[in-house]
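**Student:** Please see the structure below; I have some questions.
The values are calculated or read from the model by the stated rules, or taken from the named source; none is laboratory data. The shown structure was predicted, so the numbers you read here are calculated from the model rather than taken from an experiment. When we count neighbours, we look across all protein chains shown, and the Cβ atoms used for this are built from the backbone with ideal geometry, even at glycine.
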Amino acid sequence: MVRTSPRKLCSDRDCLALVANAVETMTRAREAARANLRRTVVDYVENHARLPDRINDAGPARQTIAQLVWNRLELDAYQILREWRRRMLYRQDQAPFHTMLRTVAWYVAIEYLHHAEASSGRAARVGEETSG
């Protein structure tokens, strides 16, 4: 798979503004901010994030995980992003934006691996049952 050239990582300050616009602004601006934030997240996961070794260089897996990370961030009205923003604004348990993304990406990648292993195990058992 040919990767697109990665964008430069945005600063925490820029990411804070992206998150604020994505979760707090009016409809049109919010949609534009969410699209921009999604591009930032997907680019980070596809091109920068360190993932478990079994999938670290697998292009299609990285793309899937990037989408799953975005889906996770969208859950509960962007609760993870809102909490990260709150912590940054109130200086409580602060973590850089990309550290938060790396944590979510790693968690999602582990879930992805478990699901893939469980699926391949079921497929193998089904094959054994039909041949026996």
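**Student:** If I ask for residues that are at pLDDT below 85 and of a type in the set (Ser, Thr, Tyr), which ones from region 5-20 would you list?
**Tutor:** If the condition is that a residue be at pLDDT below 85 and of a type in the set (Ser, Thr, Tyr), then SER5 is the only one that fits.
**Student:** Of all residues being β-branched (Val, Ile, Thr) and farther than 15 Å from VAL41 by Cβ in region 108-132, which is modelled with the highest pLDDT? Just the residue, please.
**Tutor:** Start the filter on region 108-132 by keeping residues that are β-branched (Val, Ile, Thr), which leaves 108, 110, 126, 130.
From what's left, farther than 15 Å from VAL41 by Cβ: 110, 126, 130.
Details: ILE110: 94, VAL126: 38, THR130: 44.
So, considering only residues that are β-branched (Val, Ile, Thr) and farther than 15 Å from VAL41 by Cβ, the one modelled with the highest pLDDT is ILE110.
**Student:** Scan region 71-85 residue by residue and report those that are under 17 Å from HIS98 (Cβ atoms) and surrounded by fewer than 19 Cβ atoms within 10 Å (Cβ to Cβ).
**Tutor:** Of all residues in region 71-85, those under 17 Å from HIS98 (Cβ atoms) come to 72-73, 80-81, 83-85.
Once the filter is applied, which keeps residues that are under 17 Å from HIS98 (Cβ atoms) and surrounded by fewer than 19 Cβ atoms within 10 Å (Cβ to Cβ), region 71-85 yields ARG72, ILE80, GLU83.
**Student:** Also, quick follow-up: Between ALA105, ALA95, ALA77, ALA66, which is assigned to a helix (DSSP H, G or I) and modelled with pLDDT under 95? Full working, then the answer.
**Tutor:** Details: ALA105 fails: modelled with pLDDT under 95; ALA95 fails: assigned to a helix (DSSP H, G or I); ALA66 fails: modelled with pLDDT under 95.
Result of the check over ALA105, ALA95, ALA77, ALA66: ALA77.
**Student:** Pairs under 9 Å by beta carbon, first residue modelled with pLDDT under 80 and surrounded by 12 or more Cβ atoms within 10 Å (Cβ to Cβ) in region 21-33, partner in a loop (DSSP other than H, G, I, E, B) and of a type in the set (Phe, Trp, Tyr), six or more apart or different chains?
**Tutor:** From residues that are modelled with pLDDT under 80 and surrounded by 12 or more Cβ atoms within 10 Å (Cβ to Cβ), there are no pairs.
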